[in-house]
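Worksheet: one structure, shown below.
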Amino acid sequence: MDFTIRTVRPDDHERLGEITVRAYLDDGFLTFGENDDYADLLRDVARRAAEAEVLVAVDEAGTVLGGVTFTTGDGKWADIAGPDEAEFRMLAVGREARGRGVGEALVQACVERARAVPGCARIVLSTQPTMAGAHRIYARVGFVRAPERDWQPLPGVDFTLLAYALELGNTP
């Protein structure tokens, strides 16, 4: 690998926020485009880093290539994770860094973080049906669909997020 995974630093916040928003916007994943309220959450890396763990992939020059937010089930950033689970969200890789294994490395880093949490039985995530590239990464890492956990984040809007889970084999 020509990059490393590490915890985000304050001087990375702006760059990762822009990478994340651009990835979601450019790939058509923000339902309301530039005016989508979710863009504000994607951009606010400082808040995410204060309330959860944010990991970044950086190249040898220290340039941020992508990132992800990791949390345990009791964390503020957990959408679907229960008490014995971990979750990751907002996986994004800059367009220029795609195809280098950055996304998969970030997912693997989250799995390893989850394995290190005492009593964590599984790691879960939510994804949009159109995020086919991410779905391929999840399958390669070993995640399976958990359709019973699919959910709608926007009341009154026909928009369903698909759930995936990976059993870790950790025992409480």
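Within the stretch 60-98, being under 21 Å from Ala132 (Cβ atoms) and out of contact with any strand residue (DSSP E or B) (no Cβ under 9 Å at 6 or more places or on another chain) holds for one residue alone: Arg95. Among the residues making up the stretch 111-134, those that are within 17 Å of Gly28 (Cβ to Cβ), open to solvent by 30 Å² or more (accessible area, probe 1.4 Å) and of a type outside the set (Gly, Ala, Ser) are Pro129, Thr130.
Restricting attention to the stretch 86-123, which residues are over 14 Å from the mean Cα position of the chain (by Cα) and in contact (Cβ under 8 Å) with a residue 40 or more places away in the chain? Once the filter is applied, which keeps residues that are over 14 Å from the mean Cα position of the chain (by Cα) and in contact (Cβ under 8 Å) with a residue 40 or more places away in the chain, the stretch 86-123 yields Arg95, Ala97, Arg100, Gly101, Arg115, Val117, Pro118, Gly119, Cys120, Ala121, Arg122. Just so you know, in the stretch 23-65 the residues that are among the aromatic types (Phe, Trp, Tyr) and surrounded by 15 or more Cβ atoms within 10 Å (Cβ to Cβ) include one that is nearest to Val107 (Cα to Cα), and it is Tyr24. Within the stretch 113-160, the set of residues being modelled with pLDDT of 95 or more and in a strand (DSSP E or B) comprises Arg122, Ile123, Val124, Leu125, Ser126, Thr127, Val144, Arg145. Can you find a residue that is among the basic types (Lys, Arg), in contact (Cβ under 8 Å) with a residue 60 or more places away in the chain and either open to solvent by less than 60 Å² (accessible area, probe 1.4 Å) or over 25 Å from Arg47 (Cα atoms) (or both) anywhere in the stretch 142-150? Taking every residue of the stretch 142-150 in turn, at least one turns out to be among the basic types (Lys, Arg), in contact (Cβ under 8 Å) with a residue 60 or more places away in the chain and either open to solvent by less than 60 Å² (accessible area, probe 1.4 Å) or over 25 Å from Arg47 (Cα atoms) (or both).
The values are calculated or read from the model by the stated rules, or taken from the named source; none is laboratory data. Everything numeric in this text was worked out from a predicted model, so none of it was measured. As a convention, Cβ positions derive from the backbone with ideal geometry for all residues, glycine included, and neighbour counts pool all protein chains shown. The accessibility values were calculated without ligands, DNA or RNA, using every heavy atom of the protein model including side chains. Shrake-Rupley method; radii C 1.70, N 1.55, O 1.52, S 1.80 Å.
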